[in-house]
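Bear in mind these aren't lab numbers, they're just calculated from the coordinates by the rules spelled out. Small disclaimer: the values here were computed from a predicted structure and weren't measured. We place every Cβ from the backbone using ideal geometry, glycine too, and count neighbours over all the protein chains shown.
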Amino acid sequence: MDAITPPAPASFDRYLVAEGEDLAKLGNCAGCHTAEPSRPLAGGRAMPTPFGKVFATNITPHAEDGIGAWSREAFGRALRRGIARNGEHLYPAFPYDHFTRATDQELEALYAWLMTRRPIAGRAPETKLAGIFGFRPVVAAWNLINLDEGPLADDRQQSPSWNRGRALVEGLAHCGGCHTPRDRFGAEDRSHAFDGARIEGWYAPPINARSPAVRPWTADELYVYLRTGLGPMHAAAAGPMGGVTRALAQVPDTDVRAIAVYVASLMAGAPAARQDKAEPVDRLADVQRAHPEAATLFAGACATCHEPGAPMMQQGRPHLAWGTPLHEDNANDTIAIIMKGLVSPAGATGPTMPAFADMLDDRQVQELAVYLRARFTDKPPWADVGGAIAEARQGEHK
Ligand code: HEC
Ligand code: HEC
Ligand code: HEC
């Protein structure tokens, strides 16, 4: 599509720009397109894929290095069909397979917001993938199989809030981008939607009927978790999910409620939805005997915050037994949390969790993970704790 002269920021309606800002937060555009905070949306962040690194591009309105020369049509085609202005196919690391659900009005608003940002010079490094994806036109075949274009029709059996929630979860908020496993061509496996998937060393757990959560995720609890980053009956949102909740803290309340309503309906069939164990598991006495070294480590490094009765717990932080990470079928999240710590949730004040990667060696991290699983759950030991530690050590996600 032809290049245009970047439109004057003043030519866009103020309300449209404000709507676009909310939508950009829902889509977390800045999350992927910002490598350095001082250069918002200027790209350069590398996304690891099985085929190599895909670099997010500069989407500021800079005429040469960004998308300043993109018309409204060129922009809409990129979000709906994954095709760049010059006609090249974009890689699905850019979640256009979700963004395609955005309405024309939403695309208009996103365009207005992006075109009124500060233009920043500088191009992202060039993406060079291995294997069949080294050749961009191959993506056309991928799209034929995997791209279901355009907004979803409302389901009249469901409430307006549920329909809005579905439109966002399946669309701009692209929750499946992390929570749905992918096939060997990098496409989300729709027959396993929201079944849980590995993502940059972390694990985005199932958020459907297969959820391993021990306490029910109701629409209210999900709302608080998504809005503040801390679910009082579960745990804090760690790693990549922390970023998602920090963005959701800034969007209209009704949208976050709608997402919560829809996700609660996905999780309605989960085991925890049917039984709410009020008393957390704590097998302290048995575990202390079986894992004396880890018990000492926990007492020294973790108990000041996590032992029931610690000041942090008295402020209403959830019991360790209630967080989903310890109940997942792999150790990735638990290991990643211990090694990388937790930045402050969007809505909470008070203690955050320090990163222990430099304070503990691999064997100590392993001992602690085994100890937590044995003490706070009634599940069997994890199979490959060492592998999860190796993944976290080389993980690119900070
Ligand atoms: C999960 C990460 C991710 C998110 C979230 C994301 N993008 Fe991107 N985007 C990418 C990557 C990676 C590319 C480069 C793809 C390629 O090189 O083929 C890209 C490319 C693009 C392009 C094409 C630009 C060009 O120069 O070719 C546009 C336009 C774009 N994104 C807009 C957006 C908007 C608007 C949002 C928010 C609604 C958004 N992106 C959210 C990862 C992301
Ligand atoms: C960038 C990847 C990513 C995206 C996008 C993402 N998630 Fe997550 N999500 C994760 C990871 C990783 C975890 C586990 C983090 C942890 O243990 O705190 C998680 C955890 C969760 C949990 C907690 C589950 C539990 O039982 O503890 C919920 C609920 C959730 N996500 C919902 C969503 C919703 C809804 C969206 C879309 C609005 C979304 N996620 C988008 C990566 C992501
Ligand atoms: C300075 C206080 C502090 C210390 C010390 C600390 N944590 Fe945390 N930890 C937190 C906070 C705050 C959270 C987030 C709230 C939550 O999720 O319960 C958290 C969350 C966690 C979680 C995820 C929540 C869950 O239920 O799964 C795990 C696992 C965890 N910590 C393990 C540890 C271990 C192991 C140690 C010792 C090596 C430790 N923490 C030391 C403050 C701390």
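Can you tell me how the range 151-203 classifies by the Cα gyration tensor, rounded, prolate or oblate, using a/c under 1.5 as the rounded cut? Prolate, since a/c reaches 1.5 and a/b exceeds b/c. Taking packing as the residue-averaged number of other Cβ atoms within 10 angstrom, the listed peptides 173-183, 329-339 run from highest to lowest as 329-339, 173-183. Quick one: angle between helix 72-81 and the longest Cα principal axis of the chain, in degrees between 0 and 90, rounded to 10, please. With rounding to tens, the tilt is 40 degrees. With a Förster radius of 35 Å applied to the beta-carbon distance between ASP282 and ASP189, the computed FRET efficiency rounds to 0.40. Ordering GLY20, ALA264, ALA197 by the projection of their Cα atoms onto the charge dipole of the chain, which places +1 on the Cβ of Lys and Arg and -1 on the Cβ of Asp and Glu, puts GLY20 at the extreme positive end.
Think of each Lys and Arg Cβ as +1 and each Asp and Glu Cβ as -1; about the Cα centre, that makes the dipole of the chain roughly 200 debye. A simple charge model with +1 on the Cβ of Lys and Arg, -1 on the Cβ of Asp and Glu and nothing else charged puts the dipole of the range 9-146 at about 360 debye relative to its Cα centre. Across the range 73-111, the residues whose backbone nitrogen lies under 14 Å from the label position 7 Å along the beta-carbon direction of ALA3 are 85-87.
The ALA153 and GLN314 beta-carbon pair, evaluated with R₀ = 51 Å, returns a calculated FRET efficiency of approximately 0.55. Reducing the range 247-282 and the range 84-139 to their Cα centroids gives an inter-centroid distance of 31 Å. Once the Cβ-Cβ distance of GLU73 and MET47 is raised to the sixth power relative to R0 = 25 Å, the FRET efficiency obtained is 0.40. Take the Cα of THR304, step 7 Å toward its Cβ, do the same at SER344, and the gap between the two points is 1.9 nm. In straight-distance terms, cross-link reach from LYS53 covers every one of the aspartates and glutamates whose alpha-carbon lies under 17 Å from its own, apart from those fewer than eight places away in the same chain; here that gives GLU126, GLU200, GLU391, GLU396. In this Cβ point-charge picture (+1 for Lys and Arg, -1 for Asp and Glu), the range 284-394 has a dipole of about 260 debye about its Cα centre.
If exposed GluC sites (Glu not before Pro) are those in a DSSP loop with at most 13 other Cβ within 10 Å, what is the longest stretch of the chain that has none?
Between exposed loop sites, the widest span is 150-395.
The shape of the chain comes out prolate: with a ≥ b ≥ c from the C-alpha gyration tensor, a/c is at least 1.5 and a/b beats b/c.
Annotation: amide H-H contacts under 5 Å for GLY43 (H modelled 1.01 Å from N, sequence separation of 5 or more, or interchain): THR34, ALA35, ILE59.
With an a/c value of 1.5 or above and a/b not larger than b/c for the gyration tensor axes a ≥ b ≥ c computed over the alpha-carbon atoms, the range 52-177 is described as oblate.
In nm, give the distance between the simple-model label positions of SER11 and ASP361, each being 7 Å from the Cα along the Cα-to-Cβ direction. It is 6.5 nm.
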